[in-house]
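Engineer: Take this structure first; my questions come after.
The values are calculated or read from the model by the stated rules, or taken from the named source; none is laboratory data. Keep in mind the model is a prediction, meaning the values are calculated, not measured. A quick note on method: Cβ atoms are made from the backbone with ideal geometry, for glycine too, and the neighbour counts reach across all protein chains shown.
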């Protein structure tokens, strides 16, 4: 967990919970509020590093709260809304917003924009406990892959294979190197055992919608391109 706090101000609580869950998987301290009448007080109390702010809210809209926050704070504000008209985006930026995300959204896009805004504001550097590939994310701490909002559990060997391939993303990893990683040997393990493990990993990724991520280079080894 890093020290960056994200406050989600989103009327649709299912979406708010999804955002917090997704951001937490990336190491952020993310929480949402249900007190839409006192958003400014919540921001002052929680002192977040970034606010994800919907436009359509009860009592007062996101434009209003952005203006109120800007009177007392320079905290980065990223609007998130189903409104897609250019004037909505222009108004959000003019009110002091730092970026704008339209619904429906991919969680990976939200994370990327949050990280970009944090980098500009605080010289933030993402933690290295996650590796992105093929639109998915390998969580090194959990030994699991997240894709399309789903968690894909990996066995020890599947995790080591995927981690090794991603550490050499774009390059070919020799079968001997993978065997050394898995069993600390490339001499006393049946070569077919590695093939079985790679195929199991492939099938698990394909079942989740991640087909053709792992490429076989005949006579050489395996590779993953992004």
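Engineer: Can you tell me how many residues within region 35-63 are out of contact with any helix residue (DSSP H, G or I) (no Cβ under 7 Å at 6 or more places or on another chain) and loosely packed, with under 14 Cβ neighbours inside 10 Å?
Structural biologist: Within region 35-63, residues that are out of contact with any helix residue (DSSP H, G or I) (no Cβ under 7 Å at 6 or more places or on another chain) and loosely packed, with under 14 Cβ neighbours inside 10 Å number 9.
Engineer: Where in region 96-173 are there strands (runs of 3 or more DSSP E), lying wholly inside it, with at least 3 residues that are modelled with pLDDT of 85 or more and not assigned by TED's automatic domain parsing to the domain that holds residue 68? Reasoning before the result, please.
Structural biologist: On the way: elements: 99-102, 130-133, 136-139, 144-147, 150-153.
Answer list for region 96-173: 136-139, 144-147, 150-153.
Engineer: Right, here's the next one. If a residue has to be without any contact (Cβ under 8 Å) to a residue 24 or more places away in the chain, over 15 Å from residue 174 (Cα atoms) and in a helix (DSSP H, G or I) to count, how many in region 194-224 make the cut?
Structural biologist: 6
Engineer: Pick from region 1-39 the residues that are part of a helix (DSSP H, G or I) and touching a residue at least 60 places away in the same chain (Cβ under 8 Å): which of them is farthest from residue 65 (Cα to Cα)?
Structural biologist: Ranking the candidates gives 25 first.
Engineer: Would you check if residue 91 is closer than 30 Å to residue 68 by Cα and either at pLDDT below 85 or in contact with a helix residue (DSSP H, G or I) (Cβ under 7 Å, 6 or more places away or on another chain) (or both)?
Structural biologist: Numbers: closer than 30 Å to residue 68 by Cα: yes; either at pLDDT below 85 or in contact with a helix residue (DSSP H, G or I) (Cβ under 7 Å, 6 or more places away or on another chain) (or both): yes.
In short, yes.
Engineer: Same structure, new question: Can you give me the number of residues within region 88-106 that are surrounded by fewer than 14 Cβ atoms within 10 Å (Cβ to Cβ) and within 15 Å of residue 56 (Cβ to Cβ)?
Structural biologist: 2
Engineer: Determine, yes or no, whether residue 78 is under 17 Å from residue 13 (Cβ atoms), touching a helix residue (DSSP H, G or I) at 6+ places or on another chain (Cβ under 7 Å), surrounded by 16 or more Cβ atoms within 10 Å (Cβ to Cβ) and in the same structural domain as residue 11 (by TED's automatic domain parsing). Can you show your working first?
Structural biologist: On the way: under 17 Å from residue 13 (Cβ atoms): no; touching a helix residue (DSSP H, G or I) at 6+ places or on another chain (Cβ under 7 Å): yes; surrounded by 16 or more Cβ atoms within 10 Å (Cβ to Cβ): yes; in the same structural domain as residue 11 (by TED's automatic domain parsing): yes.
Spelling it out, it is not the case that residue 78 is under 17 Å from residue 13 (Cβ atoms), touching a helix residue (DSSP H, G or I) at 6+ places or on another chain (Cβ under 7 Å), surrounded by 16 or more Cβ atoms within 10 Å (Cβ to Cβ) and in the same structural domain as residue 11 (by TED's automatic domain parsing).
Engineer: Looking at this structure, is residue 42 in contact with a strand residue (DSSP E or B) (Cβ under 8 Å, 6 or more places away or on another chain), assigned to a loop (DSSP other than H, G, I, E, B) and assigned by TED's automatic domain parsing to the domain that holds residue 118?
Structural biologist: Working: in contact with a strand residue (DSSP E or B) (Cβ under 8 Å, 6 or more places away or on another chain): yes; assigned to a loop (DSSP other than H, G, I, E, B): no; assigned by TED's automatic domain parsing to the domain that holds residue 118: yes.
No: the conditions fail for residue 42.
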